[in-house]
Amino acid sequence: MHTIVALGNPGEEYEKTRHNAGRSLMREMMKLWKLPDMVSSSKFGGQISEGTVGGREVRVFFPGTYMNDSGRAVVKIVDANVAENLIVVYDEIDLPLGEFKLSFGRGSGGHNGLKSIIENLNTPNFLRLRVGIAHRTIFGKVIRPTGDKLADYVLGRLSSREEHKLLSVTQTAAKALETAIVEGKEKAMSMFN
């Protein structure tokens with residue numbers, strides 16, 4: 001069984017922030033896949049849904065912890081020995097809004113939620129769906145806020161235009177994850193990167 005973890009901060013005040021972009025996209029993919037609504041799980045410390053994607057059993061998990069402590073909840077639902085069946089969906093400041101990338105076995109790239117998961121599982125060997133949240137200049141260059149502006153930016157709310165652009169990749173991202181689940185991460189990464 002594959003476990004898809006969508007990172008974000010709990011609570012309504014974070015719901016439509018850039019830092020919760022992975023969860024926003026995941027909710028739309030769940031609708032496409034016709035997965036059941038999320039239910040709270042005190043055992044795992046978050047919200048969970050189980051169903052099938054491409055005929056394979058999957059479990060979607062939203063940790064109930066804050067982003068920087070995600071690993072504490074993830075380690076309850078994923079054993080380090082089966083981390084290769086883990087897919088983490090999260091916001092990526094180095095990618096433009098409306099784009100995503102698949103990667104496997106890398107470091108945290110400065111993302112504290114990812115860092116927490118790597119530390120708690122004691123392995124970086126899992127698939128990531130990195131969801132772009134950055135703006136671009138008119139010349140196409142990614143604008144990456146730094147310092148205090150970075151926290152303000154990622155915790156800032158998406159405008160309706162930004163949310164539309166974020167969710168415009170739902171079908172392609174869903175196909176990428178379905179390919180990874182059914183045919184393997186190598187095939188998905190070669191097709192969708």
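Structure notes:
- Of all residues in segment 40-69 being among the charged types (D, E, K, R) and part of a strand (DSSP E or B), the one that is surrounded by the most Cβ atoms within 10 Å (Cβ to Cβ): Arg59
- Filtered residues of segment 86-114 (kept if touching a residue at least 24 places away in the same chain (Cβ under 8 Å) and surrounded by fewer than 18 Cβ atoms within 10 Å (Cβ to Cβ)): Asp94, Leu95, Pro96, Gly98, Lys101, Ser103, Phe104, Asn112
- When segment 17-39 is limited to residues that are charged (D, E, K, R) and part of a helix (DSSP H, G or I), the one that is nearest to the chain's Cα centre (by Cα) turns out to be Arg23.
- Near pairs, Cβ below 7 angstrom, 6+ apart or cross-chain, from segment 1-29 (under 15 Å from Asp69 (Cα atoms)) to any residue that is among the polar types (S, T, N, Q) and not in a helix (DSSP H, G or I): His19/Asn9; Asn20/Asn9
- Within segment 135-189, being touching a Pro at 6+ places or on another chain (Cβ under 6 Å) and either part of a helix (DSSP H, G or I) or of a type in the set (Val, Ile, Thr) (or both) holds for Val142, Tyr153.
- Filter pass, Arg72 being surrounded by 16 or more Cβ atoms within 10 Å (Cβ to Cβ), touching a Ser or Thr at 6+ places or on another chain (Cβ under 9 Å) and under 17 Å from Phe192 (Cβ atoms): no
- When segment 106-125 is limited to residues that are within 16 Å of Asp91 (Cα to Cα), outside any helix (DSSP H, G or I) and not polar (S, T, N, Q), the one that is nearest to the chain's Cα centre (by Cα) turns out to be His111.
- Annotation: Lys76 fulfils all but one of (1) within 26 Å of Thr172 (Cα to Cα); (2) in a helix (DSSP H, G or I); (3) not polar (S, T, N, Q); the unmet one is (1).
- Flag for Thr137 being modelled with pLDDT under 95 and either basic (Lys, Arg) or under 25 Å from Gly71 (Cβ atoms) (or both): no
- All told, Gly22 meets the bar of being crowded, with 22+ Cβ neighbours inside 10 Å and closer than 16 Å to Leu86 by Cα.
The values are calculated or read from the model by the stated rules, or taken from the named source; none is laboratory data. Computed from a prediction, not measured in an experiment: that's the story for all the values here. Positions of Cβ are generated from backbone atoms using ideal geometry, with glycine treated the same way; all protein chains shown enter the neighbour counts.
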